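Note sheet for the following structure.
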């Protein structure tokens, strides 16, 4: 048992989890502030940069990304939006510790995915009105959107870290003899 922990819980594997913890805390604190100071579904929002590009507002999402599954029956939503993501994150965490295939960058990216995923799962479990979303970015009609669907810090973390993980999977990084990235 001790050998298992020594082999799988190395500094290189544990340190990136500080990002996971930071993201969960930061995401939940900002969401709590939004819930406290910003009315739900405000009709008129003043943007924070005094332009039309970025707005902070308070909306709730009872589904997943882009409100997918919003019209699913209520008895199915907990399984699809809580249980399945928890199982996916548990698999990612298991693979994260078990595998020695990740580079350092990939470990940090995986830690960001885990943190963002857990941030939204916390909302799904403890906020019956849905996940708190609050960042709205204007796209000026790009991709057919006037505004990108409203999102939060956890969403951003998952998307950015998934992209980073995928990019690093297709762009090989050389490893030094000690197994660290150059």
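The values are calculated or read from the model by the stated rules, or taken from the named source; none is laboratory data. Here the structure is a predicted model, which means the values were calculated and not measured. Cβ sites come from the backbone with ideal geometry, for glycine too, and all protein chains shown count toward neighbours.
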* Asked: Give me the pairs: first residue in the stretch 133-144 and within 26 Å of residue 33 (Cβ to Cβ), second residue surrounded by fewer than 12 Cβ atoms within 10 Å (Cβ to Cβ) and modelled with pLDDT of 85 or more, beta-carbon distance under 6 Å, and six or more apart or on different chains, which are they?
  -> none
* Quick one: how many residues across the stretch 9-31 are at pLDDT 95 or above and either assigned to a helix (DSSP H, G or I) or in contact with a strand residue (DSSP E or B) (Cβ under 6 Å, 6 or more places away or on another chain) (or both)? -> 15
* To do: Filter the stretch 68-85 down to residues that are exposed (fewer than 15 other Cβ atoms within 10 Å of the Cβ) and not in a loop (DSSP other than H, G, I, E, B), then give me how many there are.
  => 7
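Restricting attention to the stretch 32-50, report how many residues are in a helix (DSSP H, G or I) and either touching a strand residue (DSSP E or B) at 6+ places or on another chain (Cβ under 7 Å) or at pLDDT below 85 (or both). Talk me through it step by step, then tell me what you get.
Start the filter on the stretch 32-50 by keeping residues that are in a helix (DSSP H, G or I), which leaves 32-37.
Keeping just the survivors that are either touching a strand residue (DSSP E or B) at 6+ places or on another chain (Cβ under 7 Å) or at pLDDT below 85 (or both) gives 34-35.
Summing the residues that are in a helix (DSSP H, G or I) and either touching a strand residue (DSSP E or B) at 6+ places or on another chain (Cβ under 7 Å) or at pLDDT below 85 (or both) in the stretch 32-50 gives 2.
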* Asked: Exactly one of (1) within 27 Å of residue 108 (Cβ to Cβ); (2) modelled with pLDDT under 90 is unmet by residue 53. Its number?
  -> (1)
* Check whether at least one residue in the stretch 148-164 is surrounded by 18 or more Cβ atoms within 10 Å (Cβ to Cβ) and modelled with pLDDT under 90, and report yes or no. => yes
